[in-house]
Amino acid sequence: MLKGFCFPNLLAILLAFILIDPALADGQEKRIFAVAVDDKPAGTYQMTFQNRPDGSVALTAQADISVRILLMRYKYSYRGAEVWKDGRLVSFESTTNDDGKRFHVTGTGGKDGVAFQFDGKEVFVRGDVWLTTYGQLPSEARRCDNLVLVDADTGKRLNAQLEKAGATDVSAGGRTIRAAHYKLGGSVKAELWYDDSGRLVRQESVEEGHKTAFELIRLERD
């Protein structure tokens, strides 16, 4: 996600919120996050998960961020689409506008890995790749020191380590829930929280000296 402010992949929805038990995993699910920078509102982030009949999961993400920094205003937008099956990336496409810098990335999964195309070139990575949208927690076997992480904005491979930090209470949809806490180190540093379904409920990082946070404010299922 966003490198200057790492706001991975957001749309305000003016409907009533009901937080539903994560065990109800069928159909479509929307997760809407409020984004804050230095504890001030900066935008929204939305993820939509769709379970498909073939066992794959489609994830779409969108972000719209506007932040005033001193006398300047920083703007960021992201649109991404991912398809996962059996914990592996099947396909990926994103478009990003990072304060005027535009990126377009595609990824195609195959038997031996995923081919990412960006900036007129192709980069091949192994099949257990993870993306900086962080929507779904990787399988237990992939949470290791040599985590394969690809920047969803630019397509570039990053060095990363994912470390479990225990369980903590976090605010999600106006109530407190117990969530699994992870720390991401290496070239990208962030703290991530996941609910019982293994999906993101909170993200925190410090980017260029600015504290950033995504907080789940609404979860909807069809």
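Laboratory data are not the source of any read-out in this text; all were calculated from the coordinates shown. Keep in mind that what you see is a predicted model, and the values were worked out from it rather than measured. Cβ sites come from the backbone with ideal geometry, for glycine too, and all protein chains shown count toward neighbours.
Provide the FRET efficiency to the nearest 0.05 for the A115-A167 pair, computing r from the beta carbons and using R0 = 30 Å. Intermediate values should be presented prior to the final figure.
Numbers: r = 37 Å, r/R0 = 1.24.
Efficiency at R0 = 30 Å is approximately 0.20.
Sequentially through the range 36-48, phi angles give Karplus couplings (6.51, -1.76, 1.60; θ = phi - 60°) of 10, 10, 6, 6, 10, x, 10, x, 9, 9, 10, 10, 10 Hz, Gly and Pro residues having no value and appearing as x.
How would R175, R143 line up from fewest to most surrounding beta-carbon atoms within 10 angstrom? If you can, show how the numbers build up before the last one.
Numbers: R175 7, R143 15.
Least crowded to most crowded, the residues run R175, R143.
Inter-label distance, N97 to D54: 3.3 nm, where each label sits 7 Å from its Cα along the C-beta direction.
Phi angles across the range 103-119 convert, under the Karplus curve 6.51 cos²θ - 1.76 cosθ + 1.60 with θ = phi - 60°, into 3J(HN,Hα) values of 9, 9, 10, 10, x, 10, x, x, 4, 9, x, 10, 9, 9, 10, 6, 6 Hz, Gly and Pro given as x.
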